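The values are calculated or read from the model by the stated rules, or taken from the named source; none is laboratory data. Here the structure is a predicted model, which means the values were calculated and not measured. We place every Cβ from the backbone using ideal geometry, glycine too, and count neighbours over all the protein chains shown. Heavy atoms of the whole protein, side chains included, go into the accessibility calculation; ligands, DNA and RNA do not. Shrake-Rupley method; radii C 1.70, N 1.55, O 1.52, S 1.80 Å.
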Protein chains: 2
Amino acid sequence: MILDHIAIVSSNIKRDVEWYKRTFNCRLSYEDETWALLKFDNISLALVTKDEHPNHFAIVDPMVKNDKNARKHRDDICYIYKKDPSGNVIEIIYEPSN
Amino acid sequence: MILDHIAIVSSNIKRDVEWYKRTFNCRLSYEDETWALLKFDNISLALVTKDEHPNHFAIVDPMVKNDKNARKHRDDICYIYKKDPSGNVIEIIYEPSN
């Protein structure tokens with residue numbers, strides 16, 4: 001099973017995008033004022049604002065499309081959020097075109 | 001650049017290892033009472049106890065071996081911890097045998 005991304009809360013998306021690009025060899029895939037996506041070789045790192053999402057990581061699982069609680073992101077990706085027994089937030093995602 | 005692992009705080013390592021194995025298709029690589037390592041296809045997920053580490057993710061960077069503040073884990077892996085401008089904890093690691 002693949003982990004699609006890690007999402008961490010940023011207090012300033014633009015500043016942190018510049019810091020990650022300067023500090024590590026990663027590539028900017030998307031950026032607006034509410035979130036950004038940085039590509040590392042094996043996984044993506046999402047910078048998100050506190051009001052949008054908590055810190056989490058995302059696991060790809062096609063079974064999520066059969067979950068009656070699944071919702072869709074604007075880009076048609078099915079998702080649900082769940083918590084592990086310690087309260088860590090996990091996003092389960094599936095992109096139908098994959 | 002590769003992200004080696006994500007580390008999340010667990011309040012009960014044994015319980016959460018069972019939950020992850022039951023819920024996702026991942027493989028247990030190591031487990032003791034203080035931490036465990038679960039292997040996904042593209043990255044590892046470490047369950048750690050609160051007293052050992054905060055939530056973080058680890059990036060592989062050979063340059064860390066030249067950092068005068070670098071320390072060594074018991075398994076000879078060089079590491080430093082740093083924070084991004086928003087305060088997220090990043091571990092920079094390098095295993096000399098790689």
B:Thr34, sole failed condition from (1) more than 10 Å from chain A (Cβ to nearest Cβ); (2) surrounded by 14 or more Cβ atoms within 10 Å (Cβ to Cβ): (2)
Subset of the range A:36-65, residues within 16 Å of B:Asn88 (Cβ to Cβ) and in contact with a Cys (Cβ under 6 Å, 6 or more places away or on another chain), comes to A:Leu38, A:Phe40
Looking at the structure I just gave you, is B:His53 closer than 24 Å to A:Lys83 by Cα and open to solvent by 20 Å² or more (accessible area, probe 1.4 Å)? yes
Has the range B:59-81 got at least one residue that is closer than 18 Å to A:Ala58 by Cα and either surrounded by 13 or more Cβ atoms within 10 Å (Cβ to Cβ) or over 15 Å from the mean Cα position of the chain (by Cα) (or both)? yes
Which residues, counting only those in the range A:12-31, are open to solvent by less than 30 Å² (accessible area, probe 1.4 Å) and at the interface with chain B (Cβ under 10 Å from one of its Cβ atoms)? A:Ile13, A:Asp16, A:Tyr20, A:Phe24, A:Cys26
Since A:Ile93 meets every condition but one in (1) closer than 20 Å to B:Ala58 by Cα; (2) more than 10 Å from chain B (Cβ to nearest Cβ); (3) open to solvent by less than 30 Å² (accessible area, probe 1.4 Å), which condition does it not meet? (1)
For the range B:38-47, check the following and say yes or no: at least one residue is over 25 Å from A:Leu47 (Cβ atoms), open to solvent by less than 90 Å² (accessible area, probe 1.4 Å) and small (Gly, Ala, Ser). no
Return the residue satisfying two criteria in turn: it lies in the range B:2-11 and is facing another protein chain (nearest Cβ under 7 Å) and open to solvent by 40 Å² or more (accessible area, probe 1.4 Å), and of such residues it is farthest from B:Ser44 (Cα to Cα). B:Ser11
Could you tell me which numbered condition B:Asn88 fails, if it satisfies all but one of (1) more than 8 Å from every other protein chain (Cβ to nearest Cβ); (2) under 23 Å from A:Tyr20 (Cβ atoms); (3) at pLDDT 95 or above? (1)
Only one residue in A:Glu18, A:Glu33 is of a type outside the set (Ser, Thr, Tyr) and touching a residue at least 12 places away in the same chain (Cβ under 8 Å), so which one is that? A:Glu33
